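Please read the structure below before turning to the comments.
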Amino acid sequence: MIPVLLSVSVLILAIILDLIIGDPSPWRPWKRIYNLHPIVWLGQLTKKLETCFKTQNATIEKFNGIILALIVISVITIPTYIGIYYIHVLFGAIYGAIVYIIVALILFKLTICIKLETDGAVAVVKALEVADLVEAKKYAHFSRRDATDLSGPQISSAVIESMVENLTDFKLSPFIYYAIFGLPGAVAFRAINTLDGMVGYKDKEHINTGWFSANLDNIVNYIPARFTAVLMITSSAILGYDYKNAWKIAKRDHARVQSRNHGWQMAAIAGALHIQLEKPGKYTLGDPLEVITPDKILKSLKVRNVSIILCILMVMPIIVVIGLYLPWLWGLFL
């Protein structure tokens, strides 16, 4: 029972910690502090290692991509697993439990991001409500899209798309892998997702060294992404949005985007809110039954928040079962 209590405590406290302090903003004046974030360091490590594995031979470069991914994942996952074990060896049951909660709380917090995204989305809403496109474009960072020539509705679309993508990457997937594999599982997922974000592209520079990272991210997010879409549709029903249309559009449009996973969430939110999401020159999702106004961003936030709550409730039984019968999966040997 002790592993169950420890794991549940870390999950809840990490979410509370994020909601209170969040993450340093990538926008000025906090960008320098943001650059000190350990996950940012992991991304920088990935980029530096990638240059060491570059070669003119495509086959060798692809093999090097496997080595690159394994190194980055191991750098954070193996010390986490070993560290958890030795916390209890060094400090004993009682003090070890206290130290574990503190260490695990900090590390698990690094795998999730809720408040920063919320603050950015709300800032975009406020800017768009007064037609300040210059201000709204300042927050295009978390949508990873060049906002230079985007209109107000297109900025809203970018924010909504990013929000539902991140619902899987920075919330639900870490929860799921934490529930099954404990803290090592959550940090391993964050390493895989960071690898994909840094090198998992199909351009000339990354096509070989990043192929393994991209495919590995597709694999680990395959079930969580579809689970996210189901939770979003359920949340839409709870909130009184058009959940039937969300399911219809998700089935119809999910394959229009390049990502094998994120199309499900983006299409589902488009259907639920009766809007058409667009990445200019790339794709459109949903039908333009209603205009994408700033309040659609706020409605997307509500869907996101209810989905988070539903996911937490659904992973709790998994934590209980594994904590009672397979705590070694988490690195806990109490």
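The values are calculated or read from the model by the stated rules, or taken from the named source; none is laboratory data. Just so we're clear, the structure is a prediction, and the values are computed from it rather than from any experiment. Cβ placement follows ideal geometry from the backbone for every residue including glycine, while neighbour counts extend to all protein chains displayed.
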Segment 92-124, subset over 22 Å from the mean Cα position of the chain (by Cα) and hydroxyl-bearing (Ser, Thr, Tyr), residue farthest from Phe333 (Cα to Cα)
Tyr95
Single condition His206 does not satisfy, out of (1) out of contact with any helix residue (DSSP H, G or I) (no Cβ under 6 Å at 6 or more places or on another chain); (2) in a loop (DSSP other than H, G, I, E, B)
(1)
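Only one residue in Ser173, Ser156 is touching a Leu at 6+ places or on another chain (Cβ under 8 Å) and either farther than 30 Å from Ile60 by Cα or part of a helix (DSSP H, G or I) (or both), so which one is that? Outline the logic, then answer.
Details: Ser173 fails: touching a Leu at 6+ places or on another chain (Cβ under 8 Å).
Among Ser173, Ser156, only Ser156 is touching a Leu at 6+ places or on another chain (Cβ under 8 Å) and either farther than 30 Å from Ile60 by Cα or part of a helix (DSSP H, G or I) (or both).
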Within segment 246-254, is even one residue over 23 Å from the mean Cα position of the chain (by Cα), modelled with pLDDT of 95 or more and assigned to a helix (DSSP H, G or I)?
yes
Among what's in segment 322-334 and is out of contact with any Ser or Thr (no Cβ under 7 Å at 6 or more places or on another chain) and surrounded by 13 or more Cβ atoms within 10 Å (Cβ to Cβ), pick the residue that is nearest to Lys248 (Cα to Cα).
Ile322
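Residues are listed down the side, and each one gets a yes or a no for (1) hydrophobic (A, V, I, L, M, F, W, C); (2) farther than 26 Å from Ile176 by Cα; (3) touching a residue at least 12 places away in the same chain (Cβ under 8 Å):
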{"position": "Leu11", "(1), (2), (3)": "yes, no, yes"}
{"position": "Ile15", "(1), (2), (3)": "yes, no, yes"}
{"position": "Trp41", "(1), (2), (3)": "yes, no, no"}
{"position": "Lys47", "(1), (2), (3)": "no, yes, yes"}
{"position": "Lys62", "(1), (2), (3)": "no, yes, yes"}
{"position": "Gly92", "(1), (2), (3)": "no, yes, no"}
{"position": "Lys109", "(1), (2), (3)": "no, no, yes"}
{"position": "Ile112", "(1), (2), (3)": "yes, no, yes"}
I'd like to verify a number: residues in segment 31-79 that are within 24 Å of the chain's Cα centre (by Cα) and either among the polar types (S, T, N, Q) or within 30 Å of Leu332 (Cα to Cα) (or both), how many?
26
Considering only residues that are β-branched (Val, Ile, Thr) and modelled with pLDDT of 95 or more, look in segment 125-136 and name the one that is nearest to the chain's Cα centre (by Cα).
Val125
Quick test of your reading of the structure: Val125 fulfils all but one of (1) under 26 Å from Asn221 (Cα atoms); (2) out of contact with any Ser or Thr (no Cβ under 7 Å at 6 or more places or on another chain); (3) in contact (Cβ under 8 Å) with a residue 40 or more places away in the chain; (4) among the aliphatic types (A, V, I, L, M). Name the failing condition by number.
(1)
Going by what's in this entry, would Ile76 be described as of a type in the set (A, V, I, L, M), touching a helix residue (DSSP H, G or I) at 6+ places or on another chain (Cβ under 8 Å), surrounded by 20 or more Cβ atoms within 10 Å (Cβ to Cβ) and not in a helix (DSSP H, G or I)?
no
